[in-house]
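Colleague: One structure is given below, represented as structure tokens, and several questions about it will come after.
The values are calculated or read from the model by the stated rules, or taken from the named source; none is laboratory data. Values in this document were obtained by computation on a predicted structure and should not be read as measured data. Please note: Cβ atoms are built from the backbone with ideal geometry, for glycine as well, and neighbour counts cover all protein chains shown.
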């Protein structure tokens, strides 16, 4: 492997396959408030966006419940705009008709950002991958695999450059295209949720949606938030513990979420080839926003260790930790600055 990445390599022995629950991979070390902090620790969870969303804030209980409910409503609002399961959502209309008018600022921003990440990754991230995902799902349910010809034909519908955003309109340049923003929207929703908390006076806390988390301010003890990457052999222990403040952490993983268990085909496919990504077990990203961490986690997972590390090294204020199928842990050059001593 290329030594220019200055990466740290650690070997894990007897690393077992992670469970679906472990796909969230993070746990938080909640230390009790110190004597100088009289604020309360308030935490609530709710199922949204197909996962568990947890909000934890430090501050007075006054208006906390109202604020947290506002956060959940904001996440629900974004989900209703961007879900592919509702034909009346903005994405549902776009996928059905090939165009959608009077689009929300939220979706326009998410689509424009998705195109940015497609550009910097040479197409390793591409929201137009939905036809490939649908093909694999349909074939696997039928007990078969798509042929090479079927994959190649479907790939003609996968090309982010065939999305056009003009004013308040989004449309496809090729008939039959469809998109999914699952790899970016969850992170965007987390970022918007944190804005609601901050606008309501909460300066310390986190929002975590199925492993995509934004950590702001400090933890209950007044120090940076401590976020652990779970050890699959012992969930009460961590492989590493990261100290995070005003940063986001997200992961994409190839644990037990497979289209076909016997073939162990990953649920994350490469939009450039139409086949599942197999070169990493997981990719965890630290970035300045949850949207960036979310998107780059998927992108690096698809790119694999070498190109993935190269991409991260070229993006400021961003680090990663990768686990390979050979139970090797690779980190970007600046990752150690986030390691905790506990």
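Colleague: Scanning the range 251-278 for residues that are crowded, with 18+ Cβ neighbours inside 10 Å and in a strand (DSSP E or B), which turns out modelled with the lowest pLDDT?
Modeller: Across the range 251-278, the extreme among qualifying residues is 266.
Colleague: Where residues in the range 181-199 are closer than 19 Å to residue 220 by Cβ and in contact with a helix residue (DSSP H, G or I) (Cβ under 9 Å, 6 or more places away or on another chain), which of them is surrounded by the fewest Cβ atoms within 10 Å (Cβ to Cβ)?
Modeller: 194
Colleague: Would a scan of the range 279-286 turn up a residue that is part of a loop (DSSP other than H, G, I, E, B) and farther than 17 Å from residue 251 by Cβ? Walk me through how you get there before you give the answer.
Modeller: Taking the range 279-286 first, the residues part of a loop (DSSP other than H, G, I, E, B) are 279-281.
Still in the running and farther than 17 Å from residue 251 by Cβ: none.
Within the range 279-286 (the criterion being part of a loop (DSSP other than H, G, I, E, B) and farther than 17 Å from residue 251 by Cβ), the answer is no, since none of the residues qualifies.
Colleague: Residue check: is residue 54 modelled with pLDDT of 90 or more, part of a loop (DSSP other than H, G, I, E, B), under 18 Å from the mean Cα position of the chain (by Cα) and under 24 Å from residue 253 (Cβ atoms)? Give the steps one after another, and end with the answer.
Modeller: On the way: modelled with pLDDT of 90 or more: yes; part of a loop (DSSP other than H, G, I, E, B): no; under 18 Å from the mean Cα position of the chain (by Cα): yes; under 24 Å from residue 253 (Cβ atoms): yes.
Criteria not met by residue 54.
Colleague: Let me ask another. What are the residues in the range 208-224 that are closer than 14 Å to residue 284 by Cβ, surrounded by 24 or more Cβ atoms within 10 Å (Cβ to Cβ) and touching a helix residue (DSSP H, G or I) at 6+ places or on another chain (Cβ under 6 Å), if any?
Modeller: 212
Colleague: Suppose we keep only residues that are on the phi < 0 side of the Ramachandran plot and out of contact with any strand residue (DSSP E or B) (no Cβ under 6 Å at 6 or more places or on another chain) within the range 96-107. Which one would you say is surrounded by the most Cβ atoms within 10 Å (Cβ to Cβ)? Spell out the reasoning first.
Modeller: So the first thing to find is which residues in the range 96-107 are on the phi < 0 side of the Ramachandran plot, and the list is 96-97, 99-101, 103-107.
Next, only the ones that are out of contact with any strand residue (DSSP E or B) (no Cβ under 6 Å at 6 or more places or on another chain) stay: 96-97, 104-107.
Details: 96: 12, 97: 11, 104: 15, 105: 8, 106: 17, 107: 23.
Checked the range 96-107; the qualifying residue surrounded by the most Cβ atoms within 10 Å (Cβ to Cβ) is 107.
Colleague: Filtering the range 115-134 down to residues that are in contact (Cβ under 8 Å) with a residue 60 or more places away in the chain and in a helix (DSSP H, G or I), which residue is surrounded by the most Cβ atoms within 10 Å (Cβ to Cβ)?
Modeller: Within the range 115-134, the match that is surrounded by the most Cβ atoms within 10 Å (Cβ to Cβ) is 129.
Colleague: Is it the case that some residue within the range 291-298 is surrounded by fewer than 20 Cβ atoms within 10 Å (Cβ to Cβ), at negative phi and either assigned to a loop (DSSP other than H, G, I, E, B) or touching a helix residue (DSSP H, G or I) at 6+ places or on another chain (Cβ under 9 Å) (or both)?
Modeller: Among the residues of the range 291-298, not one is surrounded by fewer than 20 Cβ atoms within 10 Å (Cβ to Cβ), at negative phi and either assigned to a loop (DSSP other than H, G, I, E, B) or touching a helix residue (DSSP H, G or I) at 6+ places or on another chain (Cβ under 9 Å) (or both), which makes the answer no.
Colleague: Taking the range 174-195 as the region of interest, how many residues are modelled with pLDDT of 95 or more, on the phi < 0 side of the Ramachandran plot and out of contact with any strand residue (DSSP E or B) (no Cβ under 9 Å at 6 or more places or on another chain)?
Modeller: 9
Colleague: Yes or no: the range 306-321 includes at least one residue that is in a strand (DSSP E or B) and modelled with pLDDT under 95.
Modeller: Taking the range 306-321 as the starting set, the residues that turn out to be in a strand (DSSP E or B) are 319-321.
Within this subset, residues satisfying the condition of being modelled with pLDDT under 95 are none.
No, every residue in the range 306-321 fails to be in a strand (DSSP E or B) and modelled with pLDDT under 95.
Colleague: I've got another one for you. What number of residues within the range 139-171 are closer than 26 Å to residue 111 by Cβ and surrounded by fewer than 10 Cβ atoms within 10 Å (Cβ to Cβ)?
Modeller: The qualifying residues number 2.
Colleague: Kindly provide the set of residues from the range 228-247 that are surrounded by 16 or more Cβ atoms within 10 Å (Cβ to Cβ) and at pLDDT 95 or above, ordered by number. Spell out how you get there, then give the answer.
Modeller: Here is the first cut: in the range 228-247, the residues surrounded by 16 or more Cβ atoms within 10 Å (Cβ to Cβ) are 228-232, 238-244, 247.
If the condition is that a residue be surrounded by 16 or more Cβ atoms within 10 Å (Cβ to Cβ) and at pLDDT 95 or above, then 242, 243, 244, 247 are the ones that fit.
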